[in-house]
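Below: one structure, written as structure tokens.
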Amino acid sequence: MRVVLTRPIRSGQKTATLLREHGHQPILLPMTEPVYKTDVARETLARKPAALAVTSAEAIRALSASGVDLSNYLDRPLFAVGEATAKAARDIGFRTIISGDGDGVALARLVQTTFKPQASKPAPDDGSPHLLYLAGRPREGGFESTLAENAIRVSVAEIYEMQPVHWERPTLQARFEPLPDVVLLYSRETARIFFELSDRLDLAPLISAIRFICISENVLDVVPAIHRSRALASATPREDAMFHLLDRGTGT
């Protein structure tokens, strides 16, 4: 099947390799691209947090691009939202990684069970945060809100921003010939941008028969009603679960 990948280009290229291994033809169509805030990363890490948390591999790439000497942080606990993010952290040298099940809420609950005893201690004199969340903008907020509900103190540093990629209709038409079979949607923001782009460029004829596979019910909620009958959400917020739906659709 021809499968549209709406992820940022670096993540999309990795997924494209996996899709080819499954016998599919990937179409790279990133909806966003990252802008790294290296100064923010440097300033925040200077506060020497006790532990780090990341809900996207993009945060790890932003951290790596910052030029900060990470040698003093590599043994500190790093909470990663899922295995792909954990692998990105391992690849740049982090050694104490606690990996979640794929979404921010689940990661916050993992922090609650493994980090809360430390988080409940009085704040250190130097004002260092117990837990530093290396975040991006925009984001869904489930990680932070769940931590707040459980009175876990966290400091947030926005070290990257995802900005929309500019697409023109002729380019999209070229990529959609022949028509794709499936679009993979990995976040609410990506889904929102994709369908706004469809409306703005009048892509309805091109996507009227395409199926959509969403990484979660939360993302599925963004799919417009007119396309909802052709949209599915994976049982767990992981890429392998999305691939399961994709392979099930081809009978493999």
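The values are calculated or read from the model by the stated rules, or taken from the named source; none is laboratory data. Since the model is a prediction, treat every value here as computed from it, not as a measurement. Glycine gets a Cβ as well: all are built from the backbone with ideal geometry, and neighbour counts include every protein chain shown. Just the protein is used for accessible areas: all its heavy atoms, side chains included, with ligands, DNA and RNA removed. Shrake-Rupley method; radii C 1.70, N 1.55, O 1.52, S 1.80 Å.
Selection among Val111, Leu232, Val182 by position relative to the dipole of the chain gives Val111 as farthest towards the positive end (Cβ unit charges, Cα centre). Distance between the 7 Å Cα→Cβ label points at Thr96 and Arg10: 2.5 nm. Partners of Lys14 within straight-line reach, counting aspartates and glutamates whose Cα lies under 16 Å from its Cα and excluding those fewer than 8 residues away in the same chain: Glu33, Glu58, Glu83, Asp91, Glu239, Asp240.
Residues whose amide H lies under 5 Å from that of Ala233, counting only those 5 or more places away or on a different chain, are Cys214; hydrogens are built 1.01 Å from N in the peptide plane. Taking the 1.4 Å solvent-accessible surface of the chain as the whole, the part contributed by carbon and sulfur is 50%. Taking a ≥ b ≥ c as the square roots of the eigenvalues of the Cα gyration tensor, an a/c ratio of 1.5 or more together with a/b no larger than b/c marks region 143-252 as oblate.
Ranking Val68, Ala16, Ala80 by how far each Cα lies toward the positive end of the dipole of region 1-90 (charges on Cβ) leaves Ala16 at the top. Segment Gln112..Ala209, full-extension length gain: 30.6 nm, with 0.36 nm per residue of separation and the alpha-carbon distance subtracted.
Our coupling estimate for region 221-238, obtained by passing each phi through the Karplus curve with A = 6.51, B = -1.76, C = 1.60 and θ = phi - 60°, is 4, 7, 5, x, 4, 5, 9, 5, 5, 10, 10, 10, 10, 5, 5, 10, x, 9 Hz, Gly and Pro reported as x. Each label point was placed 7 Å from the Cα along the Cα-to-Cβ direction; for Glu161 and His22 their separation is 3.4 nm. With the simple spin-label model, which puts each label point 7 Å out from Cα in the Cβ direction, the Ala50 to Arg76 separation comes to 1.2 nm.
Summarising the amide proton neighbourhood of Ala53: residues at separation of 5 or more, or on other chains, whose placed amide H is nearer than 5 Å comprise Phe79, Leu132, Tyr133, Leu134. Summarising the amide proton neighbourhood of Gln25: residues at separation of 5 or more, or on other chains, whose placed amide H is nearer than 5 Å comprise Arg2, Val3.
Subtracting the Cα-Cα distance of Thr171 and Asp69 from their residue separation scaled by 0.36 nm leaves 32.6 nm. Were the residues from Glu217 through Thr236 laid out at 0.36 nm apart, the gain over their Cα-Cα distance would be 5.9 nm. Per residue, the solvent-accessible area of region 1-148 (1.4 Å probe, heavy atoms of protein chains only, all protein chains present) comes to 46 Å².
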